[in-house]
Amino acid sequence: MEAGGVRRRRSPMEIAAFFTAATAAAEAVVAITRNWIFYFCMRTVVFGGGLLALFIGYVMAAYSKTWLDSLSLLPLLFAAVILPVYAAVAIQNARRLERERVVWMVRKALEIEGL
């Protein structure tokens, strides 16, 4: 209400600025949720890959009679070791990119609000 009991009509730009800021905030929440699901999946891959590498190492030690027998399982062991390392690198890259994206969205929302 303005002075004298007259209600001021909002301009379309004011309404658009409000909805754009609300949309940016909603996008940030969705990004954080999606990010959490991604981290959970990738951490599961890291943990499972570590267990797989231990299991393959155990199989290599227990069932190979000579070093030539161990060589047949060596590529599988390399794959089991590389997968968790790759997942850990992907987690770090995703964290960095998501942090930059959320910071950009918050800055954009603040610019729209004029703060």
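The values are calculated or read from the model by the stated rules, or taken from the named source; none is laboratory data. Predicted, not measured: the structure shown is a model, and the values here were computed from it. Cβ sites come from the backbone with ideal geometry, for glycine too, and all protein chains shown count toward neighbours.
Return yes when Met105 is over 31 Å from the mean Cα position of the chain (by Cα) and not polar (S, T, N, Q) and no when it is not. Here the answer is no, as Met105 does not meet what is asked. Taken across region 23-45, residues that are surrounded by 13 or more Cβ atoms within 10 Å (Cβ to Cβ), over 19 Å from Glu98 (Cα atoms) and modelled with pLDDT of 65 or more do occur, with at least one present.
Within region 58-106, track down each residue that is surrounded by 15 or more Cβ atoms within 10 Å (Cβ to Cβ) and charged (D, E, K, R). If the condition is that a residue be surrounded by 15 or more Cβ atoms within 10 Å (Cβ to Cβ) and charged (D, E, K, R), then Glu98 is the only one that fits.
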